[in-house]
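Rule-based calculations on the coordinates, nothing more; no lab input. Remember, it's a predicted structure, so these values are computed and weren't measured experimentally. A quick note on method: Cβ atoms are made from the backbone with ideal geometry, for glycine too, and the neighbour counts reach across all protein chains shown.
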Amino acid sequence: MNGEGSNSFLEGSEGGGSFAEPTLPLITRPVATPQIESKQQTIENPEEEYFRLMVLSIKIMKSEKDPEFGAEINSRKLFKLAKKEKIPFHKWFFWIDKRIAEAGKEQKKKE
């Protein structure tokens, strides 16, 4: 072929290339496999863990909007309050958001 309009990268030996896979040196000595100990934490209450992650995410969102935001929130106490008030889990996000906003306002008043 004359090179014009030809796809030399598809033609194998023409165009100076070969499709043979490159050879890699064989490993001649055993490779040590690192022993990683798995320390699985058991979640005592997945519902509470979900709640606490929501609290954390809301605090992060608020601190990104307002770097001065730093409301002290005890997520465990807030979870117990939510359970006491029988707040359904699908309403937790807005309920937590409201409580954290109130705590932030109270803290700013104290400063």
Looking at this model, which pairs from Lys65/Lys110; Lys59/Lys109; Lys59/Lys105; Lys86/Lys108; Lys59/Lys110; Lys83/Lys108 are more than 25 angstrom apart at the alpha-carbon? Lys86/Lys108; Lys83/Lys108
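Could you give the length gained by full extension between Lys65 and Lys80, i.e. 0.36 nm per residue of separation minus their alpha carbon distance, to one decimal place? Write out the running numbers ahead of the final one.
Values: separation 15, 0.36 × 15 = 5.40 nm, distance 2.75 nm.
Result for the pair: 2.6 nm of gain on full extension.
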So for the pair Glu48, Ala101, with labels modelled 7 Å out along Cα→Cβ, what separation do we get in nm? 2.8 nm
